[in-house]
1. For the range 116-160, with only Lys/Arg (+1) and Asp/Glu (-1) charged at the beta-carbon, what is the dipole magnitude about the Cα centre, in debye rounded to 20?
2. Calculate the FRET efficiency for residue 142 and residue 94 from the Cβ-Cβ distance with a Förster distance of 22 Å, rounded to the nearest 0.05.
3. Which three semi-axes in whole Å describe the equivalent ellipsoid of the range 33-114, each the square root of 5 times a Cα gyration tensor eigenvalue, listed largest first?
4. Would you please state which residues of the range 52-79 a label at residue 111 would reach in this model, taking the label point 7 Å out along Cα→Cβ and a backbone N cut-off of under 14 Å?
5. Assuming R0 = 45 Å, can you tell me the calculated FRET efficiency for the pair residue 153 and residue 2, based on Cβ-Cβ distance, to the nearest 0.05?
6. So which trypsin sites (Lys or Arg not before Pro) in the range 71-152 are both in a DSSP loop and have at most 10 other Cβ atoms within 10 Å of their Cβ?
7. Towards the positive end of the charge dipole of the range 1-90, with charges on Cβ (+1 Lys, Arg; -1 Asp, Glu), say which of 70, 43, 22 has the farthest Cα.
8. From the square roots a ≥ b ≥ c of the eigenvalues of the alpha-carbon gyration tensor of the range 4-47, which class results: rounded (a/c under 1.5), prolate (a/b over b/c), or oblate?
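The values are calculated or read from the model by the stated rules, or taken from the named source; none is laboratory data. The shown structure was predicted, so the numbers you read here are calculated from the model rather than taken from an experiment. Because the Cβ atoms are built from the backbone with ideal geometry, glycine has one as well, and the counts that use them run over all protein chains shown. Accessible surface areas use protein heavy atoms only, side chains included; no ligands, DNA or RNA. Shrake-Rupley method; radii C 1.70, N 1.55, O 1.52, S 1.80 Å.
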Amino acid sequence: MKTLIIVSHPTVEESGSQQFLIQSLPDDDEITLHVLEQTYPDGEIDVDKEQALLREHDRILFQFPFYWYSSPPLLKKWQDEVLTDHFAFGYRGTKLHDKEFGLVLIIGLPEKEYQTGGQEGFSISELTKPFQAMAKKTGMHYLKPLTVFQFPYLAEPEKKALLVDYQQYLSLPQPISLKRKENWVLDQLAKTSKETLPTKGAAFVLEAAAEAIEDNRMELDELRLHIDNYDI
């Protein structure tokens with residue numbers, strides 16, 4: 001599966017949250033980073049190039065700061081010019097059908113404010129209806145957004161957890177399940193070069209972590225087998 005990350009931010013080089021995510025991207029031919037403001041500093045979008053990129057990828061992600069319940073202006077311009085009739089919708093407009101579409105949203109307020117009674121008064125699901133409608137109109141499968149609330153205030157353990165969530169959002173098959181998350185972690189542990197680890201003991205920790213995940217999976221599978229066979 002090939003993933004296209006379309007990033008929009010007026011000053012992406014100065015954004016701590018965007019740089020944190022961008023610099024965490026793996027060296028993977030299956031993942032394409034596409035920063036609109038860097039590609040089109042004059043705002044003139046190459047529609048043919050953009051449509052070709054969309055054709056080549058299976059999962060399309062919009063990554064941006066959630067400005068006034070919407071995206072930065074260049075991403076809105078991109079939608080207006082790239083998602084054309086006969087390409088993205090309408091007669092013969094099936095080029096995006098069955099692809100996946102998701103949002104990576106950087107949000108300045110706490111999560112608790114995005115609910116009834118909160119400062120914003122609406123949920124993220126409600127506020128992203130236009131993007132959900134876009135996915136529906138173009139025949140794409142809408143994924144639950146990855147939301148990053150108040151990035152500057154995240155503690156180091158929270159940032160590490162965010163990295164894992166982000167990496168999984170880019171590549172894990174849908175629907176995301178515990179077993180798929182476990183397999184992803186095992187795959188990442190297997191890919192980790194022992195030569196890059198700071199100490200010999202670190203390699204032991206990785207091996208122990210992999211064994212613990214596999215042991216837990218065996219126990220869960222056995223429990224599921226007992227439940228399935230239990231005659232109520």
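1. Roughly 280 debye for the range 116-160.
2. Given R0 = 22 Å and the Cβ-Cβ separation, E is 0.80.
3. Its equivalent ellipsoid spans semi-axes of 25, 16, 12 Å.
4. none
5. 0.85
6. Sparse-neighbourhood loop trypsin sites (Lys or Arg not before Pro): 92.
7. Selected residue: 70.
8. oblate
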